[in-house]
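Taking it in order: structure first as structure tokens, then the write-up.
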Amino acid sequence: MKRVPLFKVLTHDQNEALKFYKEKLGFEISEDRKLGDYRWLLVRLPDDKGFCINLELARNETQKAIIGKQAADLPLFSIETDDCIREYKQMKANGVKFEGEPNVQPYGTGVMLQDLYGNKIYLNQEPTH
């Protein structure tokens with residue numbers, strides 16, 4: 001095995017999810033194409049060409065039921081940054097919902113945020129030594 005190139009985030013609406021991930025979190029489109037009636041929509045961070053999030057339209061009741069709860073009450077994923085406070089202030093100004101303020105821990109400075117559906121995402125800055 002070599003790497004994990006992508007994972008899925010279930011959405012009610014791919015366009016609203018795309019708008020959130022681009023405008024609020026700073027992701028960019030990696031791929032966006034129609035395959036018949038299926039839309040393959042991938043986003044990534046500008047400096048991370050090796051990992052994408054597939055913004056997947058939930059198509060059945062089972063999938064729709066877990067939107068926003070894909071990792072229960074834990075972070076679905078984390079985003080590493082070199083300046084947690086800067087990113088926090090910028091995202092907060094853009095309307096991103098946070099669970100508190102950045103907190104310094106032995107593993108770094110971090111804060112939990114939520115995507116537009118309530119999935120938790122952990123923003124983390126590695127500690128400086």
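I need the semi-axes of the equivalent ellipsoid of the chain: take the C-alpha gyration tensor, multiply each eigenvalue by 5, square-root it, list largest first in whole angstrom.
Ellipsoid half-lengths, sorted descending, are 26, 16, 14 Å.
Taking the chain as a Gaussian network, where each spring joins two C-alpha atoms under 10 Å apart, which residue of Asp48, Asp13, Asp32 fluctuates the most?
Of the options given, Asp48 has the highest mean-square fluctuation.
Among all lysine pairs in segment 6-125 that are eight or more places apart or on different chains, how many have alpha carbons less than 12 angstrom apart?
Numbers: Lys24/Lys89; Lys24/Lys92; Lys24/Lys97; Lys69/Lys120; Lys89/Lys97; Lys97/Lys120.
Close lysine pairs found across segment 6-125: 6.
Which value, in debye to the nearest 20, describes the size of the charge dipole of segment 17-77 about its Cα centre when Lys and Arg Cβ atoms bear +1, Asp and Glu Cβ atoms bear -1, and nothing else is charged?
Numbers: 11 positive and 10 negative charges, 33 e Å.
The dipole of segment 17-77 has a size of about 160 debye.
Would you mind working out the magnitude of the charge dipole of the chain relative to its Cα centre, with +1 at each Lys and Arg C-beta and -1 at each Asp and Glu C-beta, to the nearest 20 Debye?
Details: 19 positive and 20 negative charges, 72 e Å.
Dipole magnitude for the chain comes out near 340 debye.
Percentage of Cα-Cα pair distances in segment 33-96 greater than 14 Å, rounded to whole percent? Don't skip to the end; give the middle numbers.
Details: 1488 of 2016 pairs.
The proportion of pairs with Cα distances above 14 Å equals 74 percent.
Relative to the longest principal axis of the C-alpha atoms of the chain, give the angle of the C-alpha long axis of helix 84-93, reported between 0 and 90° and rounded to the nearest 10°.
It works out to around 50 degrees.
Per the helix-only calculation at 222 nm, which mean residue ellipticity applies to the chain, given -39500 (n - 2.57) for every DSSP H run of n ≥ 4 and division by its residues, nearest 500 deg cm²/dmol?
Values: 3 runs with 21 residues, N = 129.
Rounded to the nearest 500, the figure is -4000 deg cm²/dmol.
Sticking with the crude label model, points 7 Å out along Cα→Cβ, report the distance from Phe7 to Ile29 in nm, one decimal please.
2.5 nm
Give the relative contact order (percent, whole number) for the chain; include only Cα pairs under 8 Å separated by 6+ residues.
Numbers: 226 pairs, mean separation 29.6, N = 129.
Here the relative contact order equals 23 percent.
Modelling each spin label as a point 7 Å along the Cα-to-Cβ direction, I'd like the Thr128/Thr62 distance in nm, to one decimal.
4.9 nm
Only the coordinates and a few stated rules stand behind these numbers; no lab work does. All of these numbers come straight from a predicted model, not from anything done at the bench. Please note: Cβ atoms are built from the backbone with ideal geometry, for glycine as well, and neighbour counts cover all protein chains shown.
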